[in-house]
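Derivation of every value follows stated rules applied to the coordinates shown; laboratory data play no part. For clarity, every value in this text was computed on a predicted model and none was experimentally measured. Note that each Cβ is placed from the backbone with ideal geometry, even for glycine, and that neighbours are counted across all protein chains shown.
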Amino acid sequence: MSFRAGTVALCGRPNVGKSTLLNALVGSDLAVATRFPQTTRERLLGVWSEPGFQAVLVDTPGIHRAKSALNKFMVDEALRGAQAVDLVLMLAEAPLLADIAAAEAWEPGPAATAALTSIAEAGRPIALVLTKCDRIEDKALLLPILHKWSTLHPFTALIPISATAGEGLKQLREHVVAALPVAEPLFPEDQLSDRAVRWHAGERVRAALFDHLRDELPYCCAVTVESFKEQRKPPRDIVHASVHVERESRSRWSSAAAPRPSRPSRCRPGGRSPS
Ligand SMILES: Nc1nc2c(ncn2[C@@H]2O[C@H](COP(=O)(O)OP(=O)(O)OP(=O)(O)O)[C@@H](O)[C@H]2O)c(=O)[nH]1
């Protein structure tokens with residue numbers, strides 16, 4: 001069988017599970033996934049290599065109505081990520097509904113449909129991926145929801161998944177592989193990301209800020225990695241980073257502890273990176 005390779009964008013509203021899905025498919029915690037919306041600020045490529053195919057996954061910031069310059073940049077990044085790919089996976093969260101009557105009455109909200117309209121402007125094939133389905137006990141509720149989505153766009157497929165429980169990932173994999181052209185791999189098989197280990201170290205620091213600081217603060221922070229020393233033995237990699245905050249009054253938080261970064265570009269596909 002001929003090798004298939006191409007690019008697949010993961011797009012959707014903030015917090016729908018794009019980074020978690022990328023990590024599940026690549027098999028490594030490359031992208032920072034938190035319970036907070038708008039964690040992803042820049043596009044990240046995750047290289048999903050398996051025998052017979054390589055899908056280069058583009059993790060994008062969440063699409064939302066942006067007011068600040070940073071948020072506008074993030075939305076532009078997301079929409080740029082959907083250009084010229086072989087397939088767009090439009091992720092939408094499965095709604096939590098009481099019963100089948102509620103599921104039949106359900107409509108996607110204006111923000112989700114606006115995100116779909118923006119993504120569709122790129123003119124690429126789009127598959128709808130309904131995320132977090134592990135939270136829906138009665139799977140019959142998913143049918144009317146998927147049907148509602150199908151009326152909004154000629155999606156190439158409608159796939160319910162749970163990235164955390166591994167549900168639906170086989171079906172998703174088959175759909176992704178079928179959408180890839182016959183081509184040579186775009187990245188070496190053992191490369192997991194387009195970013196340097198140092199960039200991932202900065203992202204780990206940002207993830208720590210989300211974990212440890214008050215809810216609103218991480219959004220006002222930027223991280224610069226000042227020095228990064230890779231070590232094979234414990235305590236492993238050493239990161240010195242500066243945390244930039246918007247206001248002087250917030251600077252007392254700036255010495256947040258950095259966790260050990262993973263080594264994404266060194267890991268073999270399928271293996272979990274150390275965290
Ligand atoms: N129950 C459940 N939770 C999930 C699943 N996938 C993601 N989550 C949770 O949803 C939250 C958001 O996940 P992310 O992967 O960061 O979402 P995102 O779309 O990348 O978010 P942005 O950075 O805002 O664009 C996290 O708390 C995840 O743990 C899933 O399959 N099931």
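Computed extension gain for residue 146 through residue 182, at 0.36 nm per residue and net of the alpha carbon distance, reaches 9.9 nm.
Given R0 = 22 Å, the distance between the Cβ atoms of residue 245 and residue 76 translates into a calculated FRET efficiency of 0.35. The Cβ shell under 12 Å around residue 148 holds other residues with a net charge of -2, Lys and Arg each +1, Asp and Glu each -1. When both bridge partners sit in region 4-179, DSSP labels roughly 30% of those beta bridges antiparallel. Each of the peptides 191-201, 114-124 was scored by the mean count of other Cβ atoms within 10 Å over its residues; in descending order, highest first, they stand as 191-201, 114-124.
In straight Cα distance, which aspartates and glutamates are under 19 Å from residue 148, not counting same-chain residues fewer than 8 positions off? Residue 148 reaches 93, 99, 104, 107, 138. Legend: residue pairs 170/233; 72/139; 18/72; 72/132, Cα-Cα distance threshold 30 Å; pairs beyond threshold, 170/233; 72/139. Counted residue by residue at 0.36 nm each, then reduced by the alpha carbon distance between them, the extension gain from residue 117 to residue 173 reaches 17.7 nm. Compared with the direct C-alpha span, the chain from residue 230 to residue 50 gains 62.0 nm at full extension, assuming 0.36 nm per residue. Count Lys and Arg as plus one, Asp and Glu as minus one, and take only other residues whose Cβ is under 15 Å from that of residue 173; the net charge is then -2. Across region 30-35, rounded Karplus estimates of 3J(HN,Hα) from the backbone phi angles (6.51 cos²θ - 1.76 cosθ + 1.60, θ = phi - 60°) give 6, 9, 6, 10, 9, 6 Hz, Gly and Pro being marked x.
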